[in-house]
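Novice: Handing you a structure now.
The values are calculated or read from the model by the stated rules, or taken from the named source; none is laboratory data. None of the values given here were measured: they were computed from a predicted structure. Methodologically, a virtual Cβ is constructed for each residue, glycine included, from the backbone with ideal geometry; neighbour enumeration extends over all protein chains shown. Heads up: the accessible areas ignore ligands, DNA and RNA and are worked out on the full protein's heavy atoms, side chains in. Shrake-Rupley method; radii C 1.70, N 1.55, O 1.52, S 1.80 Å.
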Amino acid sequence: TLLTGTKWEIIEILANNPTSPLELAKKLSTTIANISQQLRLLQTADLIKKQKTGLSLPGKPRTLFSLSDNYAFITVMSNGFAKKKLIKINQKQKEVLKQLIKN
């Protein structure tokens, strides 16, 4: 249930670019309170990380979120066996999985 709904949409956005909570709320048409709650859950699961930008200029984000590492969420379904698991992957595994998913 961690990788569903708004949390999954946040992960998809963060996979492309570090993003501020306000930008996430705008992109997902939801409240900043909802985004903050979802970000806390994802951060607690160590799937995302928070970065302070050091900026305090009006209109510029002070905090950006990004993915903490490379992961794969694997689901295996076959007769007599069904399992799903989140696993950390290295760069080579990431490239192999990207090729498999493209085909």
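Novice: How many residues does the stretch 15-35 hold that are under 16 Å from residue 49 (Cα atoms) and either in contact with a strand residue (DSSP E or B) (Cβ under 8 Å, 6 or more places away or on another chain) or among the polar types (S, T, N, Q) (or both)?
Specialist: Total meeting the criteria: 8.
Novice: Could you tell me which numbered condition residue 9 fails, if it satisfies all but one of (1) touching a residue at least 40 places away in the same chain (Cβ under 8 Å); (2) under 25 Å from residue 101 (Cα atoms); (3) surrounded by 14 or more Cβ atoms within 10 Å (Cβ to Cβ)?
Specialist: Just one mismatch for residue 9, condition (1).
Novice: Still on this structure: Report, by residue number, each residue of the stretch 64-103 that is assigned to a strand (DSSP E or B) and closer than 17 Å to residue 46 by Cα.
Specialist: Passing the criteria: 64, 65, 66, 67, 71, 72, 73, 85, 86, 87, 88.
Novice: Return yes or no: is residue 44 in contact with a Lys or Arg (Cβ under 7 Å, 6 or more places away or on another chain) and either free of Cβ contacts under 8 Å to residues at least 60 places away in the same chain or under 17 Å from residue 14 (Cβ atoms) (or both)?
Specialist: Criteria not met by residue 44.
Novice: Then there's this: Look at the stretch 62-103 and say how many of its residues are in contact (Cβ under 8 Å) with a residue 60 or more places away in the chain and open to solvent by less than 80 Å² (accessible area, probe 1.4 Å).
Specialist: Qualifying residue count for the region: 1.
Novice: May I ask you to list the residues in the stretch 12-52 that are surrounded by 13 or more Cβ atoms within 10 Å (Cβ to Cβ) and among the acidic types (Asp, Glu)?
Specialist: 23
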